[in-house]
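S.K.: I have a structure I would like to understand better, so I am pasting it below and will then ask my questions one at a time.
The values are calculated or read from the model by the stated rules, or taken from the named source; none is laboratory data. Not measured: the values here are computed from a predicted model. Ideal geometry is used to build each Cβ from the backbone, glycine not excepted, and the neighbour counts take in all protein chains shown.
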Amino acid sequence: MAFDRLLSGDPSTRLRLQRQLMGAGSYMMFMLPGVLAVHWGWTRLGYGGLLALFGAALAVNTAFFAAIRSGWSRRFRDPTLLVPQILVALVLAVVTIHYMRDEARSIMLMLFVAMFFFGVFGLTTRQFLRLAALAVLAYAGLMAFEFRDRPLHTASFRMEVLRLVSLVMITVWLSFVGGYFARLRQKLADRRDALQDALAQVRELSERDELTGARNRRHLMRALERERQRAARTGATFSVALLDIDRFKQFNDVHGHQIGDEILGAFCACVQQCARDLDVLAREDVDDTFGRYGGEEFLLLLPHTPLDGAMQCLERIRATVETTAFRTSAGPLAATFSAGVAEYRAGETAAHLLARADAALYRAKREGRNRVLAAGTVG
């Protein structure tokens, strides 16, 4: 648990820290070979020098960890600080190899290999090749420094040339392998993003009414339940309204079902626009709180709105619809609607709230249509 808290709760930062710790762990892998090299006399470091090197590695990695954990590294293009970490590892590797005797140098060249594996997390093939060139130049520079006053026609120098050539071959090969895995990683990331987009589109389509393009009953019921839970949690109130187009069957009987479908779409667009103009939904998006409940019936959620405010909003929407001529293939056609409005009561279920709104809607139909009635004590 303490380790989890150390890694941060932010997923991106957590991933960066995990990778940073993996890189830091690669230093620890060379602790045992280093101790053995000191014990058998294959290095000029001694235990004190070896401890100083690993102490420097620990200090630098702690600094990198703190920079990533605090968010300070986010100011850079690469928040993982991958390239600086690799450069530090390169410097420490060259210093370590410099103090190794012939018997241990070939083994310690594996330090470069470890750096390349760490680069798989974020380097491209071109970046890998640049790193390979830097590693080779660093080792060549080390050779030039060590043999500046020594003869070159010796077995020791030929062995260093052999190590340098091997380093070139290994790092170039690792560059292409690392770049290949980097491309695979990017392809997987792209496919994951594409899959998430596709799932989002499927989810969006599953919550849309095919005919009107508005939200469907499935989405509205989820939105209603979320609003009910929020009201129960915060003590806030909200209202719901059920709207039903008056004498809708006549549009189908007289003009055909195609015109009826056009009326549904036009009515839906009119109510949505009117709701936006009135700003009846405050912080909410009308696209998420209004939709087709079924047939010619629609549901409107009014968050943070008590009954009186909801009644005023619905009355103004009703007046707008009444004076609007809907454009259809059969020409402009007028339509009206009746509505029942209910305010949420503490502890009330969504089903009971809708039942009260539906009862008020039924009364509005009975009393002559084209009107908005409040649920009041109904139900």
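S.K.: Which is free of Cβ contacts under 8 Å to residues at least 24 places away in the same chain and assigned to a helix (DSSP H, G or I), of 13, 62? Give the derivation first.
M.R.: Numbers: 13 fails: free of Cβ contacts under 8 Å to residues at least 24 places away in the same chain.
Every option except 62 fails the conditions.
S.K.: Between a first residue in region 258-276 that is assigned by TED's automatic domain parsing to the domain that holds residue 339 and in contact (Cβ under 8 Å) with a residue 12 or more places away in the chain and a second residue that is part of a helix (DSSP H, G or I) and among the polar types (S, T, N, Q), which pairs have beta carbons less than 8 Å apart while being 6 or more apart in sequence or on different chains?
M.R.: Note: pairs meeting the criteria are 259/252; 260/252; 270/320; 274/320.
S.K.: Output the residues belonging to region 216-235 that are closer than 19 Å to residue 357 by Cα and not in a helix (DSSP H, G or I).
M.R.: Hit for region 216-235 is 216, nothing else.
S.K.: Within region 318-360, take every residue that is of a type in the set (A, V, I, L, M), more than 38 Å from the chain's Cα centre (by Cα) and in a helix (DSSP H, G or I) and give me the one that is surrounded by the most Cβ atoms within 10 Å (Cβ to Cβ).
M.R.: 357
S.K.: Okay, next question. List the residue pairs whose Cβ atoms are under 6 Å apart, where the first residue sits in region 30-42 and is in the same structural domain as residue 98 (by TED's automatic domain parsing), the second is part of a helix (DSSP H, G or I) and surrounded by fewer than 14 Cβ atoms within 10 Å (Cβ to Cβ), and the two are 6 or more positions apart or on different chains.
M.R.: From region 30-42, the pairs are 38/47; 42/103.
S.K.: Another question, then. Condition check: of a type outside the set (Ser, Thr, Tyr) and at pLDDT 95 or above. Does residue 298 satisfy that? Don't jump to the end; show me each part of the working.
M.R.: Details: of a type outside the set (Ser, Thr, Tyr): yes; at pLDDT 95 or above: yes.
The answer is yes for residue 298.
S.K.: Could we say that residue 91 is surrounded by fewer than 20 Cβ atoms within 10 Å (Cβ to Cβ) and within 16 Å of residue 20 (Cα to Cα) here? Before you say what the answer is, go through the steps one by one.
M.R.: Details: surrounded by fewer than 20 Cβ atoms within 10 Å (Cβ to Cβ): yes; within 16 Å of residue 20 (Cα to Cα): no.
No: the conditions fail for residue 91.
S.K.: Among the numbered conditions (1) loosely packed, with under 15 Cβ neighbours inside 10 Å; (2) closer than 16 Å to residue 107 by Cβ; (3) touching a Phe, Trp or Tyr at 6+ places or on another chain (Cβ under 9 Å), tell me where residue 58 comes up short.
M.R.: Against the list (1) loosely packed, with under 15 Cβ neighbours inside 10 Å; (2) closer than 16 Å to residue 107 by Cβ; (3) touching a Phe, Trp or Tyr at 6+ places or on another chain (Cβ under 9 Å), residue 58 comes up short only on (2).
S.K.: Just to be sure I understand the filter: pairs with C-beta atoms under 7 Å, separated by 6 or more residues or on different chains, first member in region 334-359 and at positive phi, second member at pLDDT 95 or above. Which pairs pass?
M.R.: From region 334-359, no pairs qualify.
S.K.: List pairs: first residue in region 204-229 and surrounded by fewer than 15 Cβ atoms within 10 Å (Cβ to Cβ), second residue modelled with pLDDT under 90 anywhere in the structure, Cβ distance under 6 angstrom, at least six positions apart or on different chains.
M.R.: Pairs that qualify, where the first residue is surrounded by fewer than 15 Cβ atoms within 10 Å (Cβ to Cβ) and the partner is modelled with pLDDT under 90, are 218/207.
S.K.: Moving on. Can you pull out every residue in region 239-259 that is buried (at least 21 other Cβ atoms within 10 Å of the Cβ) and over 17 Å from residue 317 (Cβ atoms)?
M.R.: 251
S.K.: Which members of region 187-208 meet the condition of being at pLDDT below 80 and in a helix (DSSP H, G or I)?
M.R.: 200, 201, 202, 203, 204, 205, 206
S.K.: Counting only residues that are assigned to a loop (DSSP other than H, G, I, E, B) and of a type in the set (D, E, K, R), which one in region 147-173 is surrounded by the fewest Cβ atoms within 10 Å (Cβ to Cβ)?
M.R.: Going through the qualifying residues, I end up with 149.
S.K.: When the residues of region 69-92 are narrowed to those that are hydrophobic (A, V, I, L, M, F, W, C) and within 18 Å of residue 175 (Cα to Cα), which ends up farthest from the chain's Cα centre (by Cα)? Give the derivation first.
M.R.: The initial filter retains those residues of region 69-92 that are hydrophobic (A, V, I, L, M, F, W, C), namely 72, 76, 81-83, 86-92.
So of that shortlist, the ones also within 18 Å of residue 175 (Cα to Cα) come out as 82-83, 86-87, 89-90.
On the way: 82: 22, 83: 25, 86: 28, 87: 31, 89: 32, 90: 34 Å.
Across region 69-92, the extreme among qualifying residues is 90.
S.K.: Sticking with this structure for a sec: So which of 142, 129, 109 is at pLDDT 85 or above, under 26 Å from residue 37 (Cα atoms) and of a type in the set (A, V, I, L, M, F, W, C)?
M.R.: Values: 129 fails: under 26 Å from residue 37 (Cα atoms); 109 fails: at pLDDT 85 or above.
Only one candidate qualifies: 142.
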